[in-house]
Amino acid sequence: MRSFGRISAAVSALALVSGPAMAGEGAFGFLSGDWYLTLGATGMVAPRFEGSKKYLFSAQPIISLGKAGNDVRFSSRNDNISLALIDDGGVRAGLNGKIIFGRDAEHELQGLHDVRWGGEIGGFFEFYPTDWMRARAEVRHGIRAHSGIVADIAVDAFHDVTPDIRVSGGPRVSFASDDYFDTYYGVSAQEAAASGISQYDPSGGMRSAGVGGAITWKATDNVTASLFTEYSRLMGSAADSTIVKERGSRDQLMIGVSTSYRFDFKL
């Protein structure tokens with residue numbers, strides 16, 4: 001609860017900072033004006049679960065909501081559901097969230113606890129140190145699926161090969177609290193007896209480090225498609241987990257395609 005309070009305080013501070021910008025924007029304040037909603041889907045081949053050495057095909061939604069005005073110079077499939085409260089073209093910040101699918105205790109995880117579906121909610125901050133590079137950080141608190149904190153940092157360089165085709169890529173790093181690691185990588189004494197996986201009690205810290213890249217095609221003003229790949233290597237408590245050492249792999253690879261459509265509307 002203490003960690004959730006810190007996030008709540010950060011969100012409150014963000015709202016206070018953006019407060020002056022919200023004033024004087026008509027009867028609806030911040031809500032009035034031009035908005036955009038981006039919806040889409042991603043299909044990918046990825047590990048069966050975080051830390052697995054077996055792969056399967058899965059799909060995820062793409063959702064992004066924000067005020068129009070300043071064009072978003074760069075976006076990535078790694079960006080989770082977001083609502084920008086501050087956006088001056090060079091700096092964006094606001095609220096964001098992530099949908100988390102459950103993990104069943106089956107196959108190589110037989111005997112471990114199930115992980116319920118849920119989500120994560122928190123905030124994001126991004127800026128452009130140059131015209132061709134974006135740095136973005138997200139900090140989120142788990143809801144239902146886990147009660148930990150996750151922080152993701154990504155830096156992407158991007159270049160427009162043609163007006164409609166862009167290539168991008170860069171490093172990624174992720175951190176998590178011990179509550180998160182305990183949910184996904186911990187093995188209790190009872191679970192060890194039931195699964196045959198050695199007991200393990202993790203602590204918080206770095207979760208993974210890696211690199212990702214994408215080729216993005218702007219088919220129309222509203223339709224975007226991309227081909228992407230991501231590689232990450234589990235670190236810290238994730239790499240040391242007996243689930244990974246005895247049943248999985250530190251190396252995690254993801255390859256997929258995505259498409260999205262942007263809706264513009266006014267309030």
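The values are calculated or read from the model by the stated rules, or taken from the named source; none is laboratory data. What you see is a predicted model, and the numbers here were worked out from it, not measured in a lab. When we count neighbours, we look across all protein chains shown, and the Cβ atoms used for this are built from the backbone with ideal geometry, even at glycine. With ligands, DNA and RNA removed, areas are computed over all heavy atoms of the protein, side chains included. Shrake-Rupley method; radii C 1.70, N 1.55, O 1.52, S 1.80 Å.
Figures for the structure shown
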{"read-out": "Principal-axis tilt of helix 2-22 within the chain, Cα atoms, nearest 10 degrees", "value": "10"}
{"read-out": "Heavy-atom accessible area order for Glu50, Glu126, largest first, 1.4 Å probe", "value": "Glu50, Glu126"}
{"read-out": "Where only C-alpha atoms are counted, convex hull volume of the stretch 213-267 per residue in Å³", "value": "130"}
{"read-out": "Kirkwood Rh in Å, taken over the stretch 65-195 so that all alpha-carbon pairs contribute", "value": "16.8"}
{"read-out": "Debye log10 I(q)/I(0) for the stretch 96-160, one point scatterer per Cα, at q = 0.11, 0.19, 0.24, 0.28 Å⁻¹", "value": "-0.41, -0.77, -0.94, -1.08"}
{"read-out": "Three-way shape label, the chain, alpha-carbon gyration tensor, a/c 1.5", "value": "prolate"}
{"read-out": "19 Å cut-off, amide nitrogen to a point 7 angstrom out along Lys54 Cα→Cβ, residues in the stretch 97-114", "value": "101-114"}
{"read-out": "Dipole magnitude (debye, nearest 20) for the stretch 175-267, charges at Cβ of Lys, Arg, Asp, Glu", "value": "420"}
{"read-out": "Size of electric dipole in the stretch 147-186: Cβ of Lys, Arg +1 and of Asp, Glu -1, about Cα centre, debye, nearest 20", "value": "160"}
{"read-out": "Contour excess over end-to-end distance, with Cα ends at Ala194 and Tyr128 and 0.36 nm allotted per residue", "value": "18.8 nm"}
{"read-out": "Size of charge dipole - the chain - debye, nearest 20, with Cβ of Lys, Arg +1 and Asp, Glu -1, no other charges", "value": "120"}
{"read-out": "Extension reserve of the Ile143-Ala105 stretch, reckoned as 0.36 nm per residue once the Cα distance is removed", "value": "11.7 nm"}
{"read-out": "Virtual spin-label span in nm between Ala135 and Ala225, 7 Å along Cα→Cβ", "value": "3.5"}
{"read-out": "Nearby lysines by direct alpha-carbon distance to Lys245 (threshold 23 angstrom, same-chain neighbours under 8 apart not counted)", "value": "Lys53, Lys54"}
{"read-out": "From the C-alpha gyration tensor of the stretch 127-267, square roots of 5λ in Å", "value": "36, 17, 15"}
{"read-out": "The chain, relative contact order [Cα under 8 Å, separation at least 6], %", "value": "19"}
{"read-out": "Cβ-derived FRET efficiency at R0 41 Å, Trp117 paired with Thr162, nearest 0.05", "value": "0.50"}
{"read-out": "Net lengthening on full extension, Leu37/Leu65 (0.36 nm per residue, minus Cα-Cα)", "value": "9.6 nm"}
{"read-out": "Straight-distance crosslink candidates among aspartates and glutamates, where the alpha carbon sits under 15 Å from Lys218 and sequence neighbours closer than 8 are dropped", "value": "Asp71, Asp160, Asp164"}
